[in-house]
Amino acid sequence: MQKSAHKTIEPRAYDPLIHEGFIRQADLVKAVQESMQGSTDLEGLLIEKYRIPKAALGKTLSTFFDCPYIPYDARTLADPHLLNNLSHDYLRRHHWLPLKRQDDILDVLIDNPHDLDRGHDIQRSFPGLTIRYALGLRCDIERFLTATIGDTDSGSIADTLGELVNDAHQEQSLDIDSDGIDENDSAIVRLANQIIVEAYRHDASDIHVEPYSDRKETAIRFRVDGSCSTYMRIPAIYRRALVSRIKIMSNLDISERRKPQDGKIRFKLNQDREIELRVATVPTAGNNEDIVMRLLTAKEPLPLDAMEFAPATLTALLDIVEKPHGIILCVGPTGSGKTTTLHALLRHLNTDERKIWTAEDPIEIAQEGLRQVQVHPKIGFTFAAAMRSFLRADPDVIMIGEMRDKETADVAIEASLTGHLVLSTLHTNGAVETVVRLLDMGCDSFNFADAMQGVLAQRLCKRICVNCKEPYHPTAQEYDKLVHGYGKQAWETLGVSYREDFQLYRGRGCEACNQTGLKGRVALHELLRGSDELRNLIQNHAKTTEMQSLAAKEGMITLVQDGILKMLAGLTTYEQVRAVAMK
């Protein structure tokens, strides 16, 4: 590394690292001397040779300079427009980078905010602006620069963004809503492709394209592990072109902007990997269109024993799924893994002796041995119509993607009463509420009571990151919350008391989980079985509370209880269980 001529950071800035036990005084003195003699800067020596965590070094220097510390994050892109008149070699050599501009305030990332010479350079480069400094480590500033400028042969998303920003700057005279920018422009085509690739790389389940009016930038947001975050922003002048490009990829009508449309994209990631995206367009304020793309990664069906069921729940589920007829429902909100669970059940049932038909919209998981049918409501081929055709095609097991209406529910109940096992999904909050919902839809209570074998409710809860998981001894108040959430009487059967060796787990935060302490998700389950007593309550249109208390008496583990059991096993935290399972 070339030594720079600008002002170095005073050694006393690093004193807190000694007090906090990260480095000894003698080693710090040695590192300072080595950095003055050799070709490696002090920061690099402390990180590489003395193994000081970047977060600790950044926090220490942030306190010394009294300005915020910004670590490198792939989702944070500097505005390439700000780099137009700056030499990239100069920025790399002097370790600073303009990040973003808001009105007359410019945020600048720099490794030494007290360096007056560089301060004068920055003011000359951006006259009339108020400079607001943030501290960045040199290695991180280098990564931000590479991400923003891009390597010459990498074809990164930042390269494309930079190209778009430069084009937008040249086309300021164009009307923002004009069609002067072509959706087949090579940069737009690359950008649309790269957004999908980046979403797949970040394990995102959904991509949200959100254009705004008044020349505001278009936000691209990813949903990862159930939470949305802004991944990047693109110039407003390209919002029409990007939306049109995605609509072309989805075989949608680009001239229709007033009505919602649905479509699909089959996207080739590489020679061996292809993914499918379900695309929905929604007209929004300012004559714009939002696009939401759900990534369907053509997964293999999971085995049931890999889905982290409580042992008692799995035993009961395997018992009811082996019944020759009846209805099994999997319920929960959108994105809670209902389809994945149904395919795991079908994988268990998928033997040579059984004929299995499925009606799905869309077909997310392909499974050999199943006869899978895509429904098309626009041409009248609905779930109910598919069910009727299946009944003429000698089925043993039928899977219906979703019970959206009374007609589908009635046909499913009829099929289950005539010797077929029917599996389906429903959007409800809990197992008992599902029964009430179907009766409210107008289903016959006697027929449904006879048909129902079980209702499995589920949620997906954020999992503690395995790379930074650590045990801790909770406070008495935390323990009391667990007892209250689980139910005092039920808790006593677990035999878990508050002792000195009682441990829970949490994530410390690391680079793998983006300092959140959480990465991935774990499923929570609640299985309501169709017993004789429950059937009597259903036939008599009993209240939800009556059915709930009977289910508890018969041993049903609720969503919250299953979450707390998984928390005790070190898979998640009480806050995450509360967020998805508390009513």
(request) Using the 4.7 Å Cβ rule, please list in number order the cysteines from the chain without any candidate partner. (result) CYS67, CYS139, CYS228, CYS330, CYS443, CYS461
(message) Place a point 7 Å from Cα of ALA56 in the direction of its Cβ. Which residues in the stretch 483-525 have their backbone N less than 20 Å from it?
(response) 507-517
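Roughly how many Å² is the accessible area per residue of the stretch 182-299, as a whole number, for a 1.4 Å probe?
Details: 5530 Å² over 118 residues.
Roughly 47 Å² per residue, with all protein chains present.
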(request) Subtracting the Cα-Cα distance from 0.36 nm times the residue separation, let me have the gained length for ALA13 to HIS484 in nm, one decimal. (result) 164.7 nm
(request) Rank these residues by their accessible area, most exposed first, probe 1.4 Å: THR475, THR545. (result) THR545, THR475
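With a 1.4 Å probe and every protein chain left in place, work out the accessible area per residue of the stretch 445-494 in Å², rounded to a whole number.
Values: 2480 Å² over 50 residues.
That works out to 50 Å² for each residue.
Taking a ≥ b ≥ c as the square roots of the Cα gyration tensor eigenvalues, with a/c under 1.5 meaning rounded and otherwise prolate when a/b beats b/c, else oblate, which class fits the stretch 460-555? Mind showing how you got there, number by number?
Working: a/c = 3.75, a/b = 1.85, b/c = 2.03.
Since a/c reaches 1.5 but b/c is at least a/b, the shape of the stretch 460-555 is classed as oblate.
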(message) Please state the shape class of the stretch 219-341: rounded when a/c is under 1.5, otherwise prolate if a/b exceeds b/c and oblate if not, all from the C-alpha gyration tensor.
(response) prolate
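Given a Förster distance of 30 angstrom, what is the FRET efficiency for ASP253 paired with ASP214, based on the Cβ-Cβ distance and rounded to 0.05? Please report the intermediate quantities before stating the final value.
Details: r = 27 Å, r/R0 = 0.89.
For ASP253 and ASP214, the calculated efficiency is 0.70.
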(request) Give the carbon-plus-sulfur fraction of the accessible surface of the chain in %, rounded to a whole number; probe 1.4 Å, heavy atoms of protein chains only. (result) 48 percent
(request) At a Cα cut-off below 19 Å, give the lysines reachable from LYS216, other chains included and same-chain residues fewer than 8 away excluded. (result) LYS100
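Would you kindly state how much longer the chain becomes between SER186 and LEU269 on full extension, computed as 0.36 nm times their sequence separation minus their alpha carbon distance, in nm to one decimal? Kindly include the intermediate steps, with their values, before the conclusion.
On the way: separation 83, 0.36 × 83 = 29.88 nm, distance 1.80 nm.
Length gained between SER186 and LEU269: 28.1 nm.
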(message) Given a Förster distance of 22 Å, report the FRET efficiency between GLU470 and CYS139 from their Cβ-Cβ distance, rounded to the nearest 0.05.
(response) 0.25
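Mind giving me the FRET efficiency for ARG371 and LEU439? R0 is 30 Å, r the Cβ-Cβ distance, nearest 0.05 is fine.
Values: r = 32 Å, r/R0 = 1.06.
The value I calculate is 0.40.
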(request) Would you please state which residues of the stretch 109-131 a label at MET36 would reach in this model, taking the label point 7 Å out along Cα→Cβ and a backbone N cut-off of under 15 Å? (result) none
(request) Could you tell me which label, among (i) 85, 68, 41; (ii) 86, 70, 46; (iii) 76, 62, 54, carries the value of Cα extents along the principal axes in Å calculated for this structure? (result) (i)
(request) Provide the gained length on full extension for the span SER87 to ASP66, in nm with one decimal, where the gain is 0.36 nm per separating residue minus the Cα-Cα distance. (result) 4.7 nm
(message) Once you place label points 7 Å from the Cα toward the Cβ at GLU353 and VAL29, how far apart are they in nm?
(response) 8.2 nm
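The values are calculated or read from the model by the stated rules, or taken from the named source; none is laboratory data. Predicted, not measured: the structure shown is a model, and the values here were computed from it. Note that we place each Cβ from the backbone using ideal geometry, even for glycine, and neighbour counts take in every protein chain shown. Quick note on the areas: whole protein, heavy atoms, side chains included, nothing else; ligands and nucleic acids left out. Shrake-Rupley method; radii C 1.70, N 1.55, O 1.52, S 1.80 Å.
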